[in-house]
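Written out below as structure tokens is the structure these notes cover.
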Amino acid sequence: MFEYNGSCACGSVEFTLKLPKALSGYSPRQCDCNFCTSRGISYLSDPKGYLSLRHRESLEVHHQGSEQADFLSCRSCMVIVAVSIYIEHECLGALNASLLASSLMLPPTTVSPKLLAADEKIERWASVWLHLQL
């Protein structure tokens, strides 16, 4: 496993990301919704990977679109750190790829989750998101 560490802009939320491949093998997914595009967010995940978040205070939770997923941000700097959902009692998520060195990854791929039905979104996320520990 390849391990990467980082934090939000102010350092209040830190993360450890473990991936089966080096970052150079990943193309983050760039959601085309207004929420994500206005913040310049693309997401990195791998169903065989793990993401652990450590935070000094509780995370701010935002809901968008179908309101199924939780967008987790730092209460201090308001940076979206990750997106998460519980599926069958397991927390899954994707990391905001801008918190990593973008030069190490392939260019982002645009995706349109808003075109999927609610159950299709959950099925998709279950197949591509990381195991997440909050």
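The values are calculated or read from the model by the stated rules, or taken from the named source; none is laboratory data. What you see is a predicted model, and the numbers here were worked out from it, not measured in a lab. Methodologically, a virtual Cβ is constructed for each residue, glycine included, from the backbone with ideal geometry; neighbour enumeration extends over all protein chains shown. Areas reflect the complete protein model, heavy atoms only, side chains present, ligands, DNA and RNA absent. Shrake-Rupley method; radii C 1.70, N 1.55, O 1.52, S 1.80 Å.
Note on segment 74-97: residues that are on the phi < 0 side of the Ramachandran plot and either out of contact with any strand residue (DSSP E or B) (no Cβ under 9 Å at 6 or more places or on another chain) or acidic (Asp, Glu) (or both) total 2.
Checking each residue in segment 36-60 for being over 23 Å from Ser127 (Cβ atoms) and either at pLDDT 95 or above or open to solvent by less than 40 Å² (accessible area, probe 1.4 Å) (or both) picks out Arg54, Leu59.
Tell me, please, whether a residue that is modelled with pLDDT under 90, open to solvent by 20 Å² or more (accessible area, probe 1.4 Å) and either closer than 13 Å to Asn96 by Cα or touching a helix residue (DSSP H, G or I) at 6+ places or on another chain (Cβ under 8 Å) (or both) can be found in segment 67-82. It would help to see each step written out before you state the result.
Within segment 67-82, the first condition is being modelled with pLDDT under 90, and the residues that meet it are 67-68.
Checking the rest, the ones that are also open to solvent by 20 Å² or more (accessible area, probe 1.4 Å) come to 67-68.
Imposing the further condition that a residue be either closer than 13 Å to Asn96 by Cα or touching a helix residue (DSSP H, G or I) at 6+ places or on another chain (Cβ under 8 Å) (or both) reduces the set to 68.
Yes, segment 67-82 contains at least one residue that is modelled with pLDDT under 90, open to solvent by 20 Å² or more (accessible area, probe 1.4 Å) and either closer than 13 Å to Asn96 by Cα or touching a helix residue (DSSP H, G or I) at 6+ places or on another chain (Cβ under 8 Å) (or both).
Taken over segment 21-31, the criterion of being open to solvent by 50 Å² or more (accessible area, probe 1.4 Å) and touching a strand residue (DSSP E or B) at 6+ places or on another chain (Cβ under 8 Å) is satisfied by Lys21, Gln30.
When the residues of segment 99-129 are filtered to those that are more than 16 Å from Cys33 (Cβ to Cβ), assigned to a helix (DSSP H, G or I) and of a type in the set (Gly, Ala, Ser), which remaining residue is most open to solvent (accessible area, probe 1.4 Å)?
Ser103
Within segment 114-134, being over 14 Å from the mean Cα position of the chain (by Cα) and closer than 16 Å to Ile41 by Cβ holds for one residue alone: Lys114. Residues in segment 1-52 that are free of Cβ contacts under 8 Å to residues at least 60 places away in the same chain, within 15 Å of Ala101 (Cβ to Cβ) and in contact with a Cys (Cβ under 9 Å, 6 or more places away or on another chain): there are none.
Criterion first (within 13 Å of the chain's Cα centre (by Cα), on the phi < 0 side of the Ramachandran plot and of a type in the set (Phe, Trp, Tyr)) does Phe71 satisfy it? For Phe71, the condition - within 13 Å of the chain's Cα centre (by Cα), on the phi < 0 side of the Ramachandran plot and of a type in the set (Phe, Trp, Tyr) - is met.
Screening Glu14, Glu3, Glu90 for residues that are at pLDDT 90 or above, under 16 Å from Gln133 (Cβ atoms) and out of contact with any Ser or Thr (no Cβ under 9 Å at 6 or more places or on another chain) leaves exactly one candidate, Glu90.
Taking the criterion of being surrounded by fewer than 23 Cβ atoms within 10 Å (Cβ to Cβ) and closer than 13 Å to Ser52 by Cα, the only residue of segment 85-98 that qualifies is Cys91.
With the structure loaded, tell me whether Ile87 is β-branched (Val, Ile, Thr) and farther than 23 Å from Asn34 by Cα or whether it fails that test. Reasoning before the result, please.
Numbers: β-branched (Val, Ile, Thr): yes; farther than 23 Å from Asn34 by Cα: yes.
Yes, satisfied.
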